[in-house]
1. Where does helix 29-38 land angle-wise versus the long Cα axis of the chain, in degrees 0 to 90, nearest 10?
2. With r as the distance between the Cβ atoms of LEU337 and SER53 and R0 = 22 Å, compute the FRET efficiency 1/(1 + (r/R0)^6) and round to 0.05.
3. Write down the Kirkwood hydrodynamic radius of segment 321-362, to one decimal in angstroms, obtained as one divided by the mean of 1/r over all alpha carbon pairs.
4. So if I place +1 on the C-beta of Lys and Arg and -1 on the C-beta of Asp and Glu, and nothing else carries charge, what would the dipole magnitude of the chain be about its Cα centre? I want it in debye, nearest 20.
5. If you project the alpha carbons of segment 200-317 onto the principal axes, what extent comes out on each, in Å, largest first?
6. Checking the a/c ratio against 1.5 first, then a/b against b/c, what shape does the Cα gyration tensor give for segment 116-226?
7. Set the Förster distance to 45 Å, then compute FRET efficiency between ALA528 and ASP392 from the Cβ-Cβ distance, nearest 0.05.
8. Hey, rough spin-label estimate for GLU134 and GLU518, points 7 angstrom out along Cα→Cβ, what's it come to in nanometres?
Amino acid sequence: MSVDTVARHGDDCARAEETVVVGVGAVTPEQVLSVARRGAAVTLSEDALLAMSESRRRIEALAEDPKPVYGISTGFGALATRHIPSALRTQLQRSLVRSHAAGNGPEVEREVVRALMLLRLSTLATGRTGARPEVAQIYASLLSAGITPVVHEYGSLGCSGDLAPLAHVALAVIGEGTVRDADGESMPAAKALSAAGIAPVVLEEKEGLALINGTDGMLGMLVLACQDLRRLLRLADVTAAMSVEGLLGTDRVFAPDLQALRPHPGQARAAANMVRLLAGSEIVQSHADPSCTVVQDAYSMRCAPQVAGAARDTLAHAERVASWELASAVDNPVVTLDGRVESNGNFHGAPVGYVLDFLAIVVADVASMSERRTDRFLDVARNHGLPPFLADDPGVDSGHMIAQYTQAAIVSELKRLAAPASVDSIPSSAMQEDHVSMGWSAARKLRRAVDGLTRVLAIEALTAARALDLRAPLAPSPATGAVRDTIREHVPGPGTDRHLAPEIEAAVTLAASGALVETAEGVVGALA
């Protein structure tokens, strides 16, 4: 299962006519998305340049002090007890970056690397790292030129931050390693920098450490995932409404007064969405009278707002954590506002890792409920009069039988991906770093999970659309009917069996692009 789907919404890092100004304060999630996905250029504010210059003077003063200061005139990690003479400190910084650029495996997506770079730049701009303004400026220049260092899947333990991924970026800053240019061509960093008129930097005291000691990779992936999930949870309401309708369920259970008895804010929003989506449905009204013998709908329909609502509330918590982390200056040691240089543990990725894992649990559960609704459509014992597997000629045709298999296979993987990475810890650096967060790993599996949820919801939408067609002459609601019609622009309606994989992929593209949600919102207005 590819993670490419998560980047389909928006411009997929196309160059954009916008510029993000990075100052001393926090960058916003929207600025991260602008740079990561829309290719925005980046500049530094005057207050950021001033803050960096002021703190750099403190670092330079300490560099002349005969007393060893961690990160400035010592080694790192378990080697922090060695005092490094001034003549070797440039080599120390270069060696730090080279040795820590030890990533392995597939390339990380361009949008992730751009987010990581912006977030490291944001920390540099606070002035709390002691790096020179020219070091920060090269990050802005690389982002603006569309040059993306090659970062690899494996290497980060999430403490001290995302060391290996950040080191691969820092390697490009000093003119080494491999990058991709704005057109995606792989080439040596020195060549790409030269072509863009960017001079590599020679790192001085403290600067190598300042470039690699942060949670920027896992945080960037959290911000990206939050945007994707906010859209996908609206889609989950759309597909749930289509399934409730197609399975002859009731909308009465979504009434505001019933939801108010359990006042979780996400639940109320999800239920309100479903009420609006089902309004005006002839299918729902066809069995909304005393002659209907169905007492209660299955949980996968009746409890859809409770699950999608809890998912929203979990997402809101994750977004709060992201906002706190975006406002952070993560480095070790740091230059405090009163000029002290102090070691700290703020690089530990636990706060970010926890919510990344929470979101993977949410994704698995929302997808699991979606798959259960799809399965009901295919079973004549539960689909209230629809043909077996929604097939045209059951027995000759298999209909959507194997679409549900595909959905089930993805849901099974999502359950495995929901196992938390943040409860694991493998000690490193000769037991100096004896507890690590695995936040990067939590972020990587969440990206895969988000892609899987997109595919599961797309298959539910495809199957529910077929069921709505089979309920004719009864008409669906204006909103669900519009979504069905959007799908029909790309996938034909019921009929004899066809090659199903391209039809599923067409639905996935519509789901990932936001087109299905936008279609529904075009009828009922913005969904919560």
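1. Relative to the chain, helix 29-38 is tipped by roughly 90 degrees.
2. Values: r = 15 Å, r/R0 = 0.68.
For SER53 and LEU337, the calculated efficiency is 0.90.
3. It is 11.8 Å.
4. 700 debye
5. That gives 81, 28, 21 Å along the principal axes, largest extent first.
6. Working: a/c = 1.58, a/b = 1.16, b/c = 1.36.
Because a/c hits 1.5 or more and a/b fails to exceed b/c, segment 116-226 counts as oblate.
7. Efficiency computed from Cβ-Cβ geometry: 0.75.
8. Result: 4.6 nm between the two label points.
The values are calculated or read from the model by the stated rules, or taken from the named source; none is laboratory data. Everything numeric in this text was worked out from a predicted model, so none of it was measured. Positions of Cβ are backbone-derived with ideal geometry, glycine not excepted, and every protein chain shown enters the neighbour counts. Accessible surface areas use protein heavy atoms only, side chains included; no ligands, DNA or RNA. Shrake-Rupley method; radii C 1.70, N 1.55, O 1.52, S 1.80 Å.
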